[in-house]
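Okay, so here's the structure we're looking at.
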Amino acid sequence: MRLRRFIKFGVKHVLGGEVSGIGLNLTRRCNTWCQYCRIVNNSREFYNRELGVEQWKQIVDRFSDHGCLHFIFTGGEPLVYNGVYELIEYTAKRAMTSIITNTMKLNEERFYKLRHLDYMTFSFDTVHSDSETFTKNPTERLGLIASQCARYEIVPTAICTVTSKNTDQVETMIRTLDEHGISSMLSII
């Protein structure tokens, strides 16, 4: 974390203010290969440096003991991290719990394991797949995402990454999400 950001958020917490959320980057591994991503690294070196479940629990305890009331699991793709479901259940007992996912690994069984989440943010980058442009196209899974989030009272939000390759689809993406009752935000890169 850059010093400026630490001072802005960390000092406020130390002086008695609340930290609104802490992102826990469980892994840099991912099951997709988005050309614009600068986070993902599927090398064995990064896999070997991932913290274990018990280490993450200690981190959650440390922050929740100091008043943190919201944790956000991120990655790469957090659903490829082996202990993600255990961590979500553990964290949900201590704070609001969120995940940022590409949804590619979701099905009904996995949604059941995610039932302790409060929020789910997922990427939605195209409504027309082109394997050279995007690898994440959850269009066919929006019904599943919306229904399972409703079932488990998880609030869904989509991040629509806009690049020069999908600007013509932005309006359609937003309309498609609206039709499923899913709010959206744009990330323009």
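ARG110 meets the stated requirement of being open to solvent by 40 Å² or more (accessible area, probe 1.4 Å), part of a helix (DSSP H, G or I) and within 19 Å of THR157 (Cβ to Cβ).
The set of residues in the stretch 141-160 that are surrounded by 19 or more Cβ atoms within 10 Å (Cβ to Cβ) and of a type outside the set (A, V, I, L, M, F, W, C) comprises GLN148, PRO156.
Just need a number here: residues in the stretch 172-183 that are within 19 Å of ILE99 (Cα to Cα) and open to solvent by less than 40 Å² (accessible area, probe 1.4 Å).
Keep residues of the stretch 172-183 that are within 19 Å of ILE99 (Cα to Cα), which gives 177, 181-183.
Pick out the ones that are also open to solvent by less than 40 Å² (accessible area, probe 1.4 Å) and you get 177, 182.
Final tally of qualifying residues: 2.
Of the residues making up the stretch 147-171, those that are over 14 Å from ILE100 (Cα atoms) and either among the aliphatic types (A, V, I, L, M) or touching a Ser or Thr at 6+ places or on another chain (Cβ under 9 Å) (or both) are ALA150, VAL162, THR163, LYS165, ASN166, GLN169, VAL170. The number of residues in the stretch 59-103 that are among the polar types (S, T, N, Q), in contact with a Leu (Cβ under 9 Å, 6 or more places away or on another chain) and more than 30 Å from TYR36 (Cα to Cα) comes to 1. Within the set CYS30, CYS37, the sole residue that is at negative phi, touching a residue at least 60 places away in the same chain (Cβ under 8 Å) and out of contact with any Lys or Arg (no Cβ under 9 Å at 6 or more places or on another chain) turns out to be CYS30. Going by the conditions given, is LEU79 in a loop (DSSP other than H, G, I, E, B), among the aliphatic types (A, V, I, L, M) and surrounded by 14 or more Cβ atoms within 10 Å (Cβ to Cβ)? No.
The values are calculated or read from the model by the stated rules, or taken from the named source; none is laboratory data. No experiment lies behind these values; they were computed from the predicted model shown. Using ideal geometry, Cβ is built from the backbone for each residue, glycine included, and neighbour counts are taken over all protein chains shown. For the accessible areas, the whole protein counts, side chains as well, though only heavy atoms, and no ligand, DNA or RNA atoms are used. Shrake-Rupley method; radii C 1.70, N 1.55, O 1.52, S 1.80 Å.
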